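As structure tokens, the structure follows; a few thoughts come after it.
Just so it is clear, none of the values below were taken in a lab; they were calculated from the coordinates. Worth saying up front: this structure is predicted, and the values here are computed from it rather than measured. Cβ placement follows ideal geometry from the backbone for every residue including glycine, while neighbour counts extend to all protein chains displayed.
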Amino acid sequence: MKNIMKNKKIVITFAIIVIVILFVILVKLVGGSSSVYGDRCSDNNNYKLSNDTINKAKDTINKLDNVKKIDIHTKLCTVKIIIELNDDIDIEKVKSMSNDLLKAFKAKDLKYYDFSLYITSDNKDSKIYPINVTKHNSRDTFAW
């Protein structure tokens, strides 16, 4: 009887050790990335946007009437473009500009970066703005 109890303790101890080891391996494999964006941005240094590209994008935006301010920020795999307008502009003009804006970037950048376009207006009574549209790196255009 003592032999059976001893064997049960050994089996239970062995099972607990195996479960702990499997849990540690699972956590390392599944939850191992400490990056906010996962591993997709690990080669971010290969995709730095040049000042020429950013200036070309700003020039495209400046073709709109009443542009007050433009900010373009990059963080890892995301390009955030903030446009402040003096007054409301027809939304179709902005949509057209957004398609032209993407032409300012290289094809490899479009396949790497996610784009976020945030547009505001000084017109406090605007029924159109603010607008936030995005473009995932796997898409060709912004999702309006």
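Numbers at a glance
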read-out	value
Residue ID - nearest to the chain's Cα centre (by Cα), chosen from residues in segment 105-144 that are charged (D, E, K, R) and farther than 19 Å from ASN66 by Cβ	ASP114
Subset tally (residues that are within 11 Å of ILE119 (Cβ to Cβ) and among the charged types (D, E, K, R)) for segment 74-92	2
Subset tally (residues that are small (Gly, Ala, Ser) and over 21 Å from LEU49 (Cα atoms)) for segment 112-144	3
